[in-house]
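Trainee: One structure is given below, represented as C-alpha coordinates, and several questions about it will come after.
The values are calculated or read from the model by the stated rules, or taken from the named source; none is laboratory data. Remember, predicted model here, so these are calculated numbers, not experimental data. Every residue, glycine as well, gets a Cβ built from its backbone with ideal geometry; the counts of neighbours run over all protein chains shown. Heads up: the accessible areas ignore ligands, DNA and RNA and are worked out on the full protein's heavy atoms, side chains in. Shrake-Rupley method; radii C 1.70, N 1.55, O 1.52, S 1.80 Å.
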Amino acid sequence: MSDWHGPHQSAQKSPHDDEIAAVVARGLAETETFFRDMVEEGRRVGEIAHRVEPAHTARALLGLLVGLRVLARSRPERALLEALADQAAALLN
(Lines give C-alpha, C1' and ligand atoms only; values in the text may rest on other atoms or scores of the structure.)
Protein backbone atom coordinates (compact mmCIF):
# COMPACT_ATOMS: atom_id res chain seq x y z
CA MET A 1 0.00 0.00 0.00
CA SER A 2 1.33 3.43 -0.94
CA ASP A 3 2.06 5.92 1.80
CA TRP A 4 1.31 8.89 -0.51
CA HIS A 5 -2.03 10.41 0.38
CA GLY A 6 -2.33 13.10 -2.27
CA PRO A 7 -2.22 16.88 -2.18
CA HIS A 8 -4.67 17.10 0.72
CA GLN A 9 -2.21 15.42 3.07
CA SER A 10 -1.22 18.76 4.65
CA ALA A 11 -4.84 19.19 5.80
CA GLN A 12 -4.54 16.00 7.90
CA LYS A 13 -2.18 17.22 10.59
CA SER A 14 -1.87 16.32 14.22
CA PRO A 15 -2.25 18.93 16.95
CA HIS A 16 1.52 19.23 17.45
CA ASP A 17 1.81 20.45 13.86
CA ASP A 18 0.17 23.81 14.61
CA GLU A 19 3.47 25.69 14.45
CA ILE A 20 4.29 24.16 11.07
CA ALA A 21 0.79 24.93 9.82
CA ALA A 22 1.21 28.55 10.91
CA VAL A 23 4.50 28.83 9.04
CA VAL A 24 2.96 27.31 5.91
CA ALA A 25 -0.10 29.59 6.15
CA ARG A 26 2.13 32.64 6.59
CA GLY A 27 4.21 31.66 3.56
CA LEU A 28 1.13 31.15 1.42
CA ALA A 29 -0.28 34.51 2.53
CA GLU A 30 3.02 36.23 1.71
CA THR A 31 3.05 34.63 -1.73
CA GLU A 32 -0.54 35.71 -2.36
CA THR A 33 0.36 39.26 -1.29
CA PHE A 34 3.37 39.23 -3.62
CA PHE A 35 1.19 38.15 -6.55
CA ARG A 36 -1.42 40.83 -5.72
CA ASP A 37 1.25 43.52 -5.48
CA MET A 38 2.77 42.47 -8.80
CA VAL A 39 -0.63 42.51 -10.53
CA GLU A 40 -1.30 45.97 -9.10
CA GLU A 41 2.10 47.18 -10.31
CA GLY A 42 1.53 45.63 -13.73
CA ARG A 43 -1.80 47.42 -14.00
CA ARG A 44 -0.21 50.69 -12.90
CA VAL A 45 2.49 50.57 -15.59
CA GLY A 46 0.13 49.26 -18.27
CA GLU A 47 1.55 45.74 -18.62
CA ILE A 48 -1.62 44.13 -17.24
CA ALA A 49 -5.13 45.16 -18.28
CA HIS A 50 -7.15 47.08 -15.70
CA ARG A 51 -9.96 44.50 -16.00
CA VAL A 52 -7.67 41.97 -14.24
CA GLU A 53 -8.70 42.04 -10.58
CA PRO A 54 -5.59 41.86 -8.34
CA ALA A 55 -6.93 39.97 -5.30
CA HIS A 56 -8.81 37.29 -7.26
CA THR A 57 -5.95 36.88 -9.71
CA ALA A 58 -3.45 36.55 -6.87
CA ARG A 59 -5.51 33.76 -5.32
CA ALA A 60 -5.81 31.96 -8.63
CA LEU A 61 -2.06 32.27 -9.21
CA LEU A 62 -1.40 30.93 -5.71
CA GLY A 63 -3.61 27.92 -6.44
CA LEU A 64 -1.85 27.30 -9.72
CA LEU A 65 1.55 27.58 -8.05
CA VAL A 66 0.64 25.09 -5.32
CA GLY A 67 -0.82 22.72 -7.91
CA LEU A 68 2.25 23.11 -10.08
CA ARG A 69 4.55 22.22 -7.21
CA VAL A 70 2.52 19.11 -6.36
CA LEU A 71 2.33 17.97 -9.96
CA ALA A 72 6.00 18.70 -10.63
CA ARG A 73 6.83 16.05 -8.03
CA SER A 74 4.08 13.55 -8.69
CA ARG A 75 3.54 13.85 -12.47
CA PRO A 76 6.44 15.79 -13.98
CA GLU A 77 5.02 15.67 -17.49
CA ARG A 78 6.07 18.64 -19.60
CA ALA A 79 2.68 19.11 -21.30
CA LEU A 80 0.83 19.02 -17.98
CA LEU A 81 3.11 21.57 -16.32
CA GLU A 82 3.11 23.83 -19.38
CA ALA A 83 -0.71 23.80 -19.35
CA LEU A 84 -0.65 25.23 -15.82
CA ALA A 85 1.91 27.84 -16.80
CA ASP A 86 -0.22 28.80 -19.81
CA GLN A 87 -3.28 29.25 -17.58
CA ALA A 88 -1.29 31.47 -15.22
CA ALA A 89 -0.25 33.67 -18.15
CA ALA A 90 -3.85 33.75 -19.44
CA LEU A 91 -5.01 35.20 -16.11
CA LEU A 92 -2.85 38.24 -16.74
CA ASN A 93 -4.06 38.99 -20.28
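Trainee: Ranked from the most accessible area to the least, with a 1.4 Å probe and all protein chains present, what is the order of I20, I48?
Mentor: I20, I48
Trainee: Based on the alpha carbons, how large is the Rg to Rh ratio for the stretch 45-93 when Rh follows Kirkwood?
Mentor: 1.06
Trainee: Work out how much length D37 to D17 would gain on full extension: take 0.36 nm times their residue separation and subtract the Cα-Cα distance, in nm to one decimal.
Mentor: 4.2 nm
Trainee: Using alpha-carbon pairs under 8 Å, 6+ residues apart, how would you state the relative contact order of the stretch 24-86 in percent?
Mentor: After rounding, I find 30 percent.
Trainee: Still on this structure, I have one more. Heavy-atom accessible area of V23 with all protein chains present, probe 1.4 Å, nearest 10 Å²?
Mentor: 80 Å²
Trainee: If you don't mind, another one. Quickly work out the V45-to-E77 label distance, labels modelled 7 Å from Cα along the C-beta direction, and quote it in nm with one decimal.
Mentor: Computed distance between label sites E77 and V45 equals 3.7 nm.
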